[in-house]
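**Student:** Supplied in structure tokens, the structure appears directly below.
The values are calculated or read from the model by the stated rules, or taken from the named source; none is laboratory data. Bear in mind that the values here come from a model prediction, so they are computed numbers and not experimental data. Cβ placement follows ideal geometry from the backbone for every residue including glycine, while neighbour counts extend to all protein chains displayed.
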Amino acid sequence: MQEFSMANKKLSTVTTELIASYGNTAKNVINAYRVGNARAVGYVDQSWAAAVKKAGNRISAEVRTNAVAAQKKVTSLYTQGVTLTTDSADSAVNKAVELAGKGLEQVAANASRFEKSTGLTTLNTIAVAAVPAAVAVNNVAAKLEAQSGALVSKIAGSKVKAKAATAKRAVAKKVARVRKAA
């Protein structure tokens, strides 16, 4: 995690760093979506293959082949959709960060020109006063960025097991609790 200090920092610099941090956090969320979907697809593929295998001789070889081929086609289409949406989202985040940075540079340049032409330093005084708050927000954003990165790693973690969870008897326990309470 990166800590931001106030030493000789301008508000525009701190704000640019904040925008970049939010952009990285957004990319981490997009990657979490991408990785989570990849794991889900893997689990569905494994489950489907296990179900087809379990059906064994009850279905013909042709039906098994068609079932596996259909699943692969659905998986392929789904994966293409996820890839398209995540790539588009990544591009949108990159463009938003780029445009926000350019806009911020323009505002800083215009403020500087305004102060030079009028002789007033009010905008600079406000900017200097705002730096501590911007640095504090930057520190929070850096922590959020680090946590979102950890989330991506956690989602990518261990391989998904194809074994389905066994059904639990939550209803029976709930009835027993109700009887106890009565």
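**Student:** For VAL68, only one of the following conditions fails: (1) more than 16 Å from the chain's Cα centre (by Cα); (2) surrounded by fewer than 15 Cβ atoms within 10 Å (Cβ to Cβ); (3) at negative phi. What is its number?
**Tutor:** Only one criterion is unmet by VAL68, namely (2).
**Student:** Within the stretch 24-34, does at least one residue satisfy the condition of being without any contact (Cβ under 8 Å) to a residue 60 or more places away in the chain, aliphatic (A, V, I, L, M) and either more than 14 Å from ILE155 (Cβ to Cβ) or assigned to a helix (DSSP H, G or I) (or both)?
**Tutor:** Checked against the condition, which is being without any contact (Cβ under 8 Å) to a residue 60 or more places away in the chain, aliphatic (A, V, I, L, M) and either more than 14 Å from ILE155 (Cβ to Cβ) or assigned to a helix (DSSP H, G or I) (or both), the stretch 24-34 yields no hits at all.
Table: residues versus (1) closer than 30 Å to TRP48 by Cα; (2) at pLDDT 90 or above.
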residue: ASP87; (1), (2): yes, yes
residue: LYS102; (1), (2): no, yes
residue: LEU120; (1), (2): no, no
residue: GLN147; (1), (2): no, yes
residue: ALA182; (1), (2): no, no
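**Student:** Does VAL52 meet the test of being part of a helix (DSSP H, G or I), surrounded by fewer than 16 Cβ atoms within 10 Å (Cβ to Cβ) and either on the phi < 0 side of the Ramachandran plot or touching a strand residue (DSSP E or B) at 6+ places or on another chain (Cβ under 6 Å) (or both)?
**Tutor:** no
**Student:** Sticking with this one: What's the number of the only condition in (1) modelled with pLDDT under 95; (2) in contact with a helix residue (DSSP H, G or I) (Cβ under 6 Å, 6 or more places away or on another chain) that VAL93 fails to meet?
**Tutor:** All conditions pass for VAL93, except number (1).
**Student:** Before we move on, is GLY101 in contact (Cβ under 8 Å) with a residue 60 or more places away in the chain and surrounded by 11 or more Cβ atoms within 10 Å (Cβ to Cβ)?
**Tutor:** Yes, satisfied.
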